[in-house]
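Each remark here refers to the structure printed beneath this line.
The values are calculated or read from the model by the stated rules, or taken from the named source; none is laboratory data. These numbers come from a predicted model, not from an experiment. All Cβ positions, glycine included, derive from the backbone under ideal geometry; neighbour counts span all protein chains shown.
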């Protein structure tokens with residue numbers, strides 16, 4: 001299907017909304033001197049992009065409704081979980097150290113450091129990752145096929161997997177007896193980042209639903225970027241660097257446990 005001016009306008013407005021939203025939130029972060037809420041906004045913002053696309057191009061097509069419903073369900077679950085975690089535990093140490101280092105070593109102001117290191121790339125990254133729920137809604141309606149139903153199942157599985165992983169780690173951390181211990185039970189026995197794996201399943205599933213739409217195959221850039229960010233630049237990467245230095249036994253857990261895709265752990269002697 002040709003890339004029309006109407007389709008370009010929808011994508012452009014979505015991008016503008018992402019930029020405007022993150023600029024406003026940047027000012028909020030500077031005012032409270034804490035950008036830690038950005039993780040919850042990342043999830044919630046995806047739901048906003050899906051809803052924005054439907055508001056502009058929605059016509060009741062089942063594919064549109066399926067994409068929006070699944071994306072918003074995921075966004076609300078994860079976004080609210082991360083928001084309330086931030087409210088309960090306060091500033092994320094990653095961002096505290098990042099801002100302190102930028103101010104002390106580079107002489108940057110807090111506002112500039114927060115914009116450059118945290119907020120500057122959020123809008124384009126979110127817009128790209130959310131391509132399945134944008135391009136999957138655009139163009140002429142196409143009847144839902146087998147691929148869409150597989151995608152819906154993968155998405156639901158991902159939401160459930162991530163939800164269970166978050167529940168398990170929350171319970172583990174809430175028990176004082178686990179202070180200083182490595183979480184290697186439940187889903188965390190098979191992957192060091194079951195919550196990230198759940199996210200990947202969600203967006204691969206949404207891509208599969210979108211792939212049957214006229215422009216849907218182009219949205220493959222979204223899940224590819226998401227996996228790349230998780231493996232190279234996510235909080236998990238920086239989190240693990242700290243844990244290998246501060247938590248006894250984490251380096252062994254890291255050697256024997258899959259980084260992302262669930263897999264039986266290696267025996268201790270093979271780690």
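Just a few scattered comments:
- Close Cβ contacts (under 7 Å, 6 or more residues apart or on different chains) running from residues in the stretch 117-132 that are closer than 16 Å to residue 204 by Cα to residues that are at pLDDT below 95 and crowded, with 20+ Cβ neighbours inside 10 Å comprise 129/226.
So that you can scan it fast, the table gives a plain yes or no per residue for (1) within 16 Å of residue 219 (Cβ to Cβ); (2) touching a helix residue (DSSP H, G or I) at 6+ places or on another chain (Cβ under 9 Å); (3) at pLDDT below 95:
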{"position": "104", "(1), (2), (3)": "no, no, yes"}
{"position": "118", "(1), (2), (3)": "no, yes, yes"}
{"position": "128", "(1), (2), (3)": "yes, yes, no"}
{"position": "134", "(1), (2), (3)": "yes, yes, no"}
{"position": "137", "(1), (2), (3)": "yes, yes, no"}
{"position": "142", "(1), (2), (3)": "yes, yes, yes"}
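- Residue match in the stretch 155-165 (condition: more than 18 Å from residue 200 (Cβ to Cβ) and surrounded by 14 or more Cβ atoms within 10 Å (Cβ to Cβ)): no
- Residue 157 vs. criteria closer than 30 Å to residue 145 by Cα and in contact (Cβ under 8 Å) with a residue 40 or more places away in the chain: yes
- Filter result for residue 186 (under 23 Å from residue 43 (Cα atoms) and touching a helix residue (DSSP H, G or I) at 6+ places or on another chain (Cβ under 8 Å)): no
- Verdict on residue 184 being outside any loop (DSSP other than H, G, I, E, B) and buried (at least 16 other Cβ atoms within 10 Å of the Cβ): no
- Of the residues making up the stretch 12-24, those that are surrounded by fewer than 19 Cβ atoms within 10 Å (Cβ to Cβ) and in contact with a helix residue (DSSP H, G or I) (Cβ under 7 Å, 6 or more places away or on another chain) are 13, 15, 17, 19, 21.
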